[in-house]
Amino acid sequence: MTTIRVRSAAERREEIQREAARLGIDDAYISLLVETFYERIRAHALLGPIFGQEIGDDWGPHLAKMKDFWASVAMNAGRYSGKPVPAHTKLTDLQPWHFGVWLGLFEQVLKDTAPHPEAGPYFMERARRIAQSLEFAISGLPPLNTGERP
């Protein structure tokens with residue numbers, strides 16, 4: 001018989017933070033990742049105008065929010081309190097297939113900047129889940145496992 005050990009939230013947070021540290025993921029890397037990614041987003045012929053229409057020329061607040069978001073995702077930092085689904089569903093030009101483009105760009109940034117060979121897959125696992133959730137949201141699909149119908 002297999003025994004399942006239930007971990008506390010604090011234990012899980014410590015585990016995530018240890019793994020992030022092992023992979024060289026810290027605030028400095030998160031900053032590099034976000035700055036590089038959004039620099040490439042702004043220059044991207046397809047995604048740049050979609051983001052630019054919403055953000056305009058003042059990227060500072062968005063970049064700060066994204067640094068908190070990715071620190072929370074990758075290091076369980078607990079600094080992000082935004083609502084990504086409403087932020088993305090209001091982007092009228094954003095289509096579900098854009099998330100594949102977004103993921104490809106994000107993966108390339110990770111290949112170019114990752115502090116450890118395992119850091120890219122660590123981020124991409126999380127990025128794919130996030131992209132899928134946002135793709136479902138803008139497609140008008142109901143949240144998974146709720147029993148709701150479109």
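The values are calculated or read from the model by the stated rules, or taken from the named source; none is laboratory data. Note that this is a predicted model, so its numbers are computed, not measured. Reconstructed Cβ throughout: ideal geometry from the backbone, glycine too, with neighbour counts over all protein chains shown. Quick note on the areas: whole protein, heavy atoms, side chains included, nothing else; ligands and nucleic acids left out. Shrake-Rupley method; radii C 1.70, N 1.55, O 1.52, S 1.80 Å.
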Over all pairs of different Cα atoms in segment 65-126, the reciprocal of the mean inverse distance gives a Kirkwood radius in Å of 13.1 Å
Provide Ser81, Ser31, Ser133 ordered by accessible surface of protein heavy atoms (probe 1.4 Å), highest first. Ser81, Ser133, Ser31
As an exercise, find the ratio Rg/Rh for segment 8-67 from alpha-carbon atoms, using the Kirkwood inverse-distance average for Rh. 1.15
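Scanning the chain for chymotrypsin sites (Phe, Trp or Tyr not before Pro) in DSSP loops with at most 16 other Cβ atoms within 10 Å, what's the longest stretch left with none? Write down the numbers at each step before the final one.
On the way: sites that count: Tyr80, Trp97.
After excluding every exposed loop site, the longest remaining stretch is 1-79.
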What ³J(HN,Hα) values, in whole Hz, does the Karplus curve 6.51 cos²θ - 1.76 cosθ + 1.60 give for segment 119-133 when θ = phi - 60°, with x put for Gly and Pro? 5, x, x, 4, 6, 5, 4, 6, 5, 5, 5, 5, 4, 5, 4
To make sure I understand the rule: partners must be lysines, Cα under 24 Å from the Cα of Lys111, and not fewer than 8 residues away in the same chain. Which ones qualify? Lys65, Lys67
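Taking all protein chains in place and a 1.4 Å probe, what share, in percent, of the accessible surface of segment 43-150 do carbon and sulfur account for? Let's see the in-between values first.
On the way: 3310 of 6220 Å².
Result for segment 43-150: 53 percent of the exposed heavy-atom area is carbon or sulfur.
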If the cut-off is 20 Å between C-alpha atoms, which aspartates and glutamates fall inside it for Lys90, apart from same-chain ones fewer than 8 positions away? Glu54, Asp57, Asp58, Glu135
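How long are the three semi-axes of the equivalent ellipsoid for segment 35-150, computed from the Cα gyration tensor as the root of 5 times each eigenvalue, in whole Å, largest first? Please list the in-between numbers first.
Working: eigenvalues 97, 70, 44 Å².
Here the semi-axes work out to 22, 19, 15 Å.
Take the chain, mark every one of the GluC sites (Glu not before Pro) that falls in a DSSP loop and has at most 14 other Cβ within 10 Å, then report the longest stretch left between them, sites excluded. Mind dumping the intermediate values first?
Numbers: sites that count: Glu118, Glu148.
Answer from the scan: 1-117.
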With a 1.4 Å probe and all protein chains left in place, how much accessible area per residue does the chain have, in Å²? 61 Å²
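Only sites in a loop by DSSP and with at most 15 other Cβ atoms within 10 Å count here; which trypsin sites (Lys or Arg not before Pro) in segment 41-119 make the cut? Please list the in-between numbers first.
Values: sites: Arg42, Lys65, Lys67, Arg79, Lys90, Lys111; in loops: Arg79, Lys90.
Listed in order of number, the matching sites are Arg79, Lys90.
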How high is the relative contact order of segment 34-150? Use alpha-carbon pairs under 8 Å, at least six apart in sequence, and give a whole percent. 24 percent
Would you mind pulling out the separation of the Cα centroids of segment 23-79 and segment 109-135, in Å? 13 Å
